[in-house]
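**Q** After the structure tokens below, expect a handful of questions from me.
The values are calculated or read from the model by the stated rules, or taken from the named source; none is laboratory data. These numbers were taken from a predicted model, which means no experiment stands behind them. Virtual Cβ from ideal backbone geometry, glycine too; neighbours counted across all protein chains shown. What goes into the accessible areas is simple: the full protein's heavy atoms, side chains included, and nothing from ligands, DNA or RNA. Shrake-Rupley method; radii C 1.70, N 1.55, O 1.52, S 1.80 Å.
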Number of protein chains: 2
Amino acid sequence: MPRVMSWVESANRPEAEFPLNNLPCGVFSQGEGEPRCGMAIGDVVLDLAALEAEGLIALEGGPFLDVPFWNEVMEAGPAVWADLRAQVTALLAAGSTKRYLVEDHLHPRAGLRLHLPFLVAEYTDFYAGRNHAANVGTMFRGADNALPPNWLHMPIGYNGRASSVVVSGTEIRRPWGQVKGPGFDAPAFQPSRRFDIELELGCVIGQGSEGPVTVAEAEAMIFGYVLLNDWSARDIQAWEYQPLGPFQAKATATTISPWIVMAAALAPFRIPTPPREVPLLPYLAEPGPGNLDIALEVALTPAGGAEAVISRTHAGELYYSFAQQIAHHTTSGCAMTVGDLIGSGTISGAARDSRGSLLELSWGGAEPIALPGGGSRSFLEDDDTVTLRGHAQGDGYRIGFGDCSGRLRPALADPYAR
Amino acid sequence: MPRVMSWVESANRPEAEFPLNNLPCGVFSQGEGEPRCGMAIGDVVLDLAALEAEGLIALEGGPFLDVPFWNEVMEAGPAVWADLRAQVTALLAAGSTKRYLVEDHLHPRAGLRLHLPFLVAEYTDFYAGRNHAANVGTMFRGADNALPPNWLHMPIGYNGRASSVVVSGTEIRRPWGQVKGPGFDAPAFQPSRRFDIELELGCVIGQGSEGPVTVAEAEAMIFGYVLLNDWSARDIQAWEYQPLGPFQAKATATTISPWIVMAAALAPFRIPTPPREVPLLPYLAEPGPGNLDIALEVALTPAGGAEAVISRTHAGELYYSFAQQIAHHTTSGCAMTVGDLIGSGTISGAARDSRGSLLELSWGGAEPIALPGGGSRSFLEDDDTVTLRGHAQGDGYRIGFGDCSGRLRPALADPYAR
């Protein structure tokens, strides 16, 4: 897809995350104003609620945009999603005759507050990164049992906690939890000492389903994508996860990027999933390229220190596409709901510096990573800030998500003090 | 608490599930009418929306009752919950001078449709029944490893799928899924052959929280209780559950009773949890008796056959109370939300005929149970109906939940046919 030029000059810079080809969906507020729907374009945000109120945007079944979530647009369906993109593209395209009507509804992004862009119905986290699964399996079960026996046959996932999902910029509080070290007779209740991040992509379900859906049908249910950091307390996880899976270890917070990049914006960047190592059952067959050509990175900024990129990887590492994950999710008759968030699982490359979690980067703490500004990390220290970034590279333009960032605050002295 | 007599005669029978002491919360509709809030009393249902519209009930912050869910009442808080009970009790008590105003708003239960009584925010299923955990552990890991090492130290739980929760009477469709038998090289995609039930209590969160809460605070967040059948595909579960826990095996359906019995109605029936086998960490200490004195049973009715009670057990078997489960749920900072549903886990007694799942009753299929009308069961057959019942026995009255029932329909011939 060729680059589309806008009269918003900052959108036309080759390195801009939000060119006219992107038009990601967010919720913003200004000062004391109410949060409402907007789209990022260059360095500014377009107030969609205002455009809709003035009749510059009109969507079938609307109004949808003067609310603090995108769920109503999602519910309206793919024809409305496409129509919205077409109308906004026309308004912002270079040469638009309506520029003078739109200009007043652009606000510098730096002065805005960004909110969670949608109401999260339910949150499911998959485990679809092959290197991550093999790394964790090797650490926990040995190299001979790196991948669980089911892993190459289906996308393994678990239900997460929707109430834990927060928008980029939200401070994260180091959790307390029940842990038991290998040398101890009894568990203790204490702040997590192995608090970690997981670099993931998320996808947002824009159309619900009842009963099993095919991979092709699942693909059509996707509204868009976000960056996702699945904060993880490894010491809590190690003690709790048998036999029913991760629970409180994953419930402290899950940070997503403030912008949902619509599936249409990433359509030109589809790539095949990796070659199958064993044949998949027919219900997981892919009708076309299901992965996304998105470069990803993790940056860590110690308190008062300089930012260091600690991992660079790629969304093409996912062994199962989101559409395969969703199709599998529905096999038992599980209904999907507008606003469901699906996490991909940690995305790690084969190289050490392309691993998507500190657990892997430091190999369980055995090999701390050095930070360029001095010091090292096995797991997060208080007041570390972690930022995920990602973009698809087009011909002369990029499709980005905005920073997906969070600072880890120290544990509470007494979690039961009010 | 003494029995309270009502001018609704059917409520005063000693075996009635819905005496004036109960007043459980449901959502009902008549014919083409809109679903709205009601309370069961004897053989009839009181139309609370109508009473509120006529000013016979007035709640601070209301109206709340002309909607198809109880979430708004829950959100209003414990003072409103108590006030509602007091107002309805006064209207229905023997000798009420307002009887003539109320009578027109009572409808025979048999002619009504009952709906899911609340919007399920998120659904968490615990594993708090000691006999169930030990039975399953023995079958899967051997008698020496019956209980996981963490089990006696904390309530183990996993996040379930809220979209799977349905009201009693909803037909259940036998799911397809990926399974792999021990004698097979590769998995297959087929209808579940080991479809099971789980007898549980559920509790409904009526007040949300942020950050960790104590057991006492957790207790105060509980709006009420339901019966809960966590339908489970054991063959799908066996293949998928390592390492991240049950997923599609539990996502077909979770049936709850149509009536939420408010915590206040069960306050006289509180009993202590069983003696601790190892000391619990202080954050799980109980301020008072946390379990409920509720007798439970599972009935199975084959297609065209007679109902047989296949298990009788008791809610006092739960090793961890709901308040302990909720407190643990919040340790990591996990926010609880109005409308969250918490399942207790399967409630099994020590005796064989008090086990709460067919997996246990038939010992994994090795010892099928005989049905009194002929035939036997290891797992469910098509068109079996399973009904859970439970009640607390007071002095001359009972507190019941109504049947929690579902019929298993045959698997679809082709789950991808539309």
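**Q** Of the heavy-atom accessible surface of the protein assembly as shown (probe 1.4 angstrom), what whole percent is carbon and sulfur?
**A** Carbon with sulfur: 54 percent of the solvent-accessible area.
**Q** Here is a further query. Eigenvalues of the Cα gyration tensor times 5, then square-rooted: what semi-axes does that give for the protein assembly as shown, in whole angstrom, largest first? Don't skip to the end; give the middle numbers.
**A** Numbers: eigenvalues 395, 214, 138 Å².
Values for the protein assembly as shown, descending: 44, 33, 26 Å.
**Q** With only alpha-carbon atoms in the gyration tensor, what are the semi-axes of the equivalent ellipsoid for the range A:184-232, in Å, largest first?
**A** With the √(5λ) rule applied to the range A:184-232, the semi-axes are 37, 15, 8 Å.
**Q** First select every other residue whose beta carbon is under 13 angstrom from the beta carbon of A:Pro117; then total the charges, Lys and Arg +1, Asp and Glu -1.
**A** Summing Lys and Arg as +1 and Asp and Glu as -1 gives +1.
**Q** Read phi for every residue in the range B:398-409 and hand back ³J(HN,Hα) as whole Hz from Karplus 6.51 cos²θ - 1.76 cosθ + 1.60, θ = phi - 60°, with x for Gly and Pro.
**A** So the Karplus estimates, Gly and Pro as x, are 10, 10, x, 10, x, 5, 10, 10, x, 9, 8, 8 Hz.
**Q** Between A:Asp384 and residues 5 or more places away or on another chain, which pairs have amide H atoms under 5 Å apart, with H built 1.01 Å from N, and which residues are they?
**A** Hits under the 5 Å cutoff: A:Ala303, A:Leu408.
**Q** What is the Cα centroid distance between the range B:72-92 and the range A:271-296, reported in whole angstrom?
**A** Distance between centres, Cα-based: 54 Å.
**Q** Of all alpha-carbon pairs in the range B:279-372, indicate the percentage at a distance above 24 angstrom. Please report the intermediate quantities before stating the final value.
**A** On the way: 1728 of 4371 pairs.
It works out to 40 percent of all Cα pairs.
**Q** For the range B:167-211, report the convex hull volume of the alpha-carbon atoms normalised per residue, in Å³, without decimals.
**A** 186 Å³
**Q** Turning to a different aspect of this structure: Considering only protein heavy atoms, what per residue accessible area in square angstrom results for the protein assembly as shown with a 1.4 angstrom probe?
**A** Numbers: 29180 Å² over 836 residues.
Per-residue value: 35 Å².
**Q** Okay, next question. Mind listing P(r) for the range A:269-330? All alpha-carbon pairs, 5 Å bins, whole percents.
**A** Result returned by the calculation: 4, 15, 21, 17, 12, 10, 8, 7, 4, 2, 0.
**Q** Enter the mean projected area of the convex hull around the alpha-carbon atoms of the range A:109-258, in nm², rounded to one decimal.
**A** Details: hull surface 45.6 nm².
Averaging across all directions leaves 11.4 nm² for the Cα convex hull.
**Q** Here's a follow-up. Please give the total accessible area that chains B and A bury against each other, computed with a 1.4 Å probe and expressed in Å² to the nearest 100.
**A** 5400 Å²
**Q** So what is Rg over Rh here for the range B:9-115, counting just Cα atoms and using Kirkwood for Rh?
**A** With Rh from the inverse mean 1/r over Cα pairs, Rg/Rh is 0.93.
**Q** Next up: Below 12 angstrom from the Cβ of A:Pro302, what's the summed charge of the other residues (Lys, Arg +1; Asp, Glu -1)?
**A** Numbers: positive: A:Arg377, A:Arg407; negative: A:Glu307, A:Glu381, A:Asp382, A:Asp383, A:Asp384.
Surrounding charge for A:Pro302 is -3.
**Q** So, one more: Give, ordered by residue number, each residue of the range B:170-204 whose 1.4 Å probe accessible area is reduced by a minimum of 50 Å² on adding the remaining protein chains to the chain alone.
**A** Listed in order, they are B:Gln178, B:Phe189.
**Q** Over all directions, how big on average is the projection of the convex hull of the alpha-carbon atoms in the range A:123-409, in square nanometres?
**A** 15.1 nm²
**Q** Near the amide H of B:Ala308, under 5 Å away, which other amide H atoms are found, from residues 5 or more places off or on another chain, if H is placed in the peptide plane?
**A** B:Leu300, B:Thr301
**Q** Give me the residues in the range A:205-245 whose solvent-accessible area, probe 1.4 Å, is reduced by at least 50 Å² once all protein chains are included instead of the chain isolated.
**A** Hits at the 50 Å² cut-off: A:Pro212, A:Trp239, A:Gln242, A:Pro243, A:Leu244.
**Q** Continuing with this model, one more query. What are the principal axis extents of the Cα atoms in the range A:366-418, in Å, biggest first?
**A** Largest first, the range A:366-418 extends 54, 34, 19 Å along its Cα principal axes.
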